[in-house]
Amino acid sequence: MLGWLLTLPRSIKRIISVLVDIVFLCVSLVTAFILTQANKSTDLQVVLIIFCLSLPVTLLIFTKLGLYRAVIRYIGQHALGAVLAGIVSSAMVLSLLFAAFDIPDKGNLIFVYSLLALITSGGLRLLARMFLVQRNNGHKARVLIYGAGSSGRQLAQALMNGEQYHPVVFVDDDTTLQRSTILGIPVGSPAQITSLIKTHNISRILLALPSVSRSRRREVLDALEELPIPVQSIPGMSDLVDGAMRIDELQDVKIEDLLGRDAVAPKTKLMQANIQHKVVMVTGAGGSIGSELCRQIINYQPKTLVLFELSEFSLYNIEQELRNLIVQFELDVKLIPVMGTSQRRKRLETVMTAFNVQTVYHAAAYKHVPLVEYNIVEGVRNNVFGTWYAAEAAISSGVETFVLISTDKAVRPTNMMGASKRLSELVLQALARRQSRTRFSMVRFGNVLGSSGSVVPLFREQIRKGGPVTVTHKDIIRYFMTIPEAAQLVIQAGAMGKGGDVFVLDMGEPVKIADLAKRMIHLMGLEVKDEVHPNGDIEIHYTGLRPGEKLYEELLIGENVRSTEHARIMAADEVMLEWRDMHTLLEELSLACDDYDVERIVDIVRRSPTGFNYVNTSCDLIYASRFGIPRSEDKVPSAKVVD
């Protein structure tokens, strides 16, 4: 019967609502008459006639105030106000009609009638709403909301009106909220979470803490990690304020929350120094770091932003995204999308000269460790010679500032990717000594979260598929930083450079990758399957270190490090070459690349002041195939399984 009623057209439901109101109003009047007029000589028929005259007024007011447009399951204060206004109006009309018909002493009748009508018409709707809500909640997942503040209340309200989750309990650190009820939902303390999960049959925990610091979020996640249910969170406050996401768009816990390190607010003066009212060029503009640099740059009012990118698809994507941002925020920035490779100096010089480029952020590079190991010649050409050609083009074009995006893998490198980036640093250091027209600096940092090749999305995908999660070594450790923070620090570091500076970003505490994998498994409500827990859900497979991979990454070559005006940026004084020696090395390296002589390339890099410690001389796929050199690993790793 109920299912049939719920499927009726809206117009039929409204007619039924009107008929039900008529019946309950009539019953209320008759009941009120019996209770107040039983011992009085009053004709019920006369009272009913007068009531019938007032009834259209009551229904008209109900209609005008939108009572019959309200959906019962979402009925709120407005609809109840309409009921109250309609019944008060009905009582007033009854009073006037009783006076007109000269029927005295009907105050008690009208009062009791009004009270009963309010209880029946209003109360019935509340009961119907409660019944429908309970019926609707029966198939929803029962969730606990951590945080009973304004965001938690908004989330609860949104979930109540949704079809997926049913909030049954809040927990909050605020002792003044504990043991209270908000939106009909009880509030408990964090210490009670384990028992609340059992007593309320909770299947998921939702974090409603968009404005708390990352350190506090990490404390909360540490406490929730061992619970046998998944933990999700609402979007951050910036996304909510910008309207980019709704409060009920739940997300998996972000890795930056697990790191627990709060970002330092950027210094506006440093952010603007090389950007505001200038022509800025970003090479590798479509990559993970390059694209974020572009997003940050347009916020600081450059005159023109030149997007230099080899991949047509990546260039198209970042150009469209930036154009949308420019329109959305009404920015006065000219975008110049240019396709090209950093291995063509003339192309770079032509672009820089044509648009009078003043600042260059050189993010174009091959950075996937195993793939560069298997393609050594192209890795060296792109990373070393691409940087050299871009730098020479900048000097010839009169570029004021040139900033290289480097890596922690350039420190005592054990792979060709790291060695090629260290050679790139040496090139810029030597050029900085050779001339003073262009100011060169390098910014060195570790892994960025969410970049192409980050382990985080890979782990999440593996967990969702049921595992196993693949980790190269149980003791491997890496530094992590968010892409926006890394891009901001790169811009600020470049503004502090005086020429040939190597800047190192404070990456916080290193993270053990195996522990990161375990935490992600736990926070998705699953258990690691191992010898201690043979019935667990997800296994962790250790696949062994890949070619050129180190257990530990470093940020400094020597001990000579200086602080700067930014708390997260340090300056390092490191060994460098004079340009004459650097040029000789580059010429020799170029000949070896032309001859596809991988062994000679490795030998040249070893002899350079890079601290290169390399044993995988036969990793290059083409070189190994040409000379029939047996390789220690025949399977080329997926581009996802990278540092």
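Every read-out reported here was derived from the displayed coordinates using simple, explicitly stated rules and does not represent laboratory data. None of these values were measured; they are calculated from a predicted model. Cβ: placed from backbone, ideal geometry, glycine included. Neighbour counts: every protein chain shown.
Mean shadow of the stretch 268-627, computed from the convex hull of its alpha carbons, in nm²? The partial results should precede the final answer.
Details: hull surface 76.8 nm².
Directional mean of the projected Cα hull area for the stretch 268-627 stands at 19.2 nm².
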- For Thr181 and Lys465, extending 7 Å from Cα along the Cα-Cβ vector and measuring point to point gives, in nm, a value of 4.9
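Could you tally the net charge around Glu349, taking each other residue with its Cβ under 14 Å from the Cβ of Glu349, Lys/Arg +1 and Asp/Glu -1?
Details: positive: Arg344, Arg345, Lys346, Arg347, Arg437; negative: Glu392.
The answer is +4.
I want to verify the translational diffusion coefficient of the stretch 141-253 in µm²/s; compute it with Stokes-Einstein, Rh as the Kirkwood radius over Cα pairs, at 4 °C and 1.567 mPa s. Please list the in-between numbers first.
Values: Rh = 14.0 Å.
Once the numbers are plugged in, D ends up at 93 µm²/s.
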- Item | Selection of chymotrypsin sites (Phe, Trp or Tyr not before Pro), the stretch 253-359, meeting DSSP coil and at most 12 other Cβ within 10 Å | Phe329
- Neighbour cut-off at most 12 other Cβ (10 Å), DSSP loop, GluC sites (Glu not before Pro), the stretch 315-388: Glu330
- Task: Filter the trypsin sites (Lys or Arg not before Pro) in the stretch 491-591 to those in DSSP coil with at most 10 other Cβ atoms within 10 Å of their Cβ, and list the result.
- Result: Lys498
- Would you tally the net charge around Pro302, using a Cβ to Cβ cut-off of less than 14 Å, leaving Pro302 out, and scoring K and R as +1, D and E as -1? +2
- Item | Karplus-derived HN-Hα couplings along the stretch 387-403 (A = 6.51, B = -1.76, C = 1.60, θ = phi - 60°), whole Hz, x at Gly and Pro | 5, 4, 5, 5, 5, 5, 4, 5, 5, 5, 8, x, 5, 7, 9, 10, 10
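Which of the peptides 210-222, 475-487 is most tightly packed, and how do the rest follow, judged by the mean count of other Cβ atoms within 10 Å per residue? Please list the in-between numbers first.
Numbers: 210-222: 16.5, 475-487: 20.5.
Listed from highest to lowest mean packing, they are 475-487, 210-222.
Can you give the charge dipole size of the stretch 268-627 about its Cα centre, rounded to the nearest 20 debye, using +1 on the beta carbon of Lys and Arg and -1 on the beta carbon of Asp and Glu?
Numbers: 40 positive and 43 negative charges, 132 e Å.
The dipole of the stretch 268-627 has a size of about 640 debye.
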- Query: Hey, what do the phi angles of the stretch 371-384 turn into as Karplus ³J(HN,Hα) couplings, whole Hz, using 6.51/-1.76/1.60 and θ = phi - 60°, x for Gly and Pro?
  - Reply: 5, 5, 4, 8, 9, 4, 4, 5, x, 5, 4, 6, 7, 7
- Principal semi-axes in Å for the stretch 479-587 [√(5λ), Cα gyration tensor, largest first]: 40, 20, 11
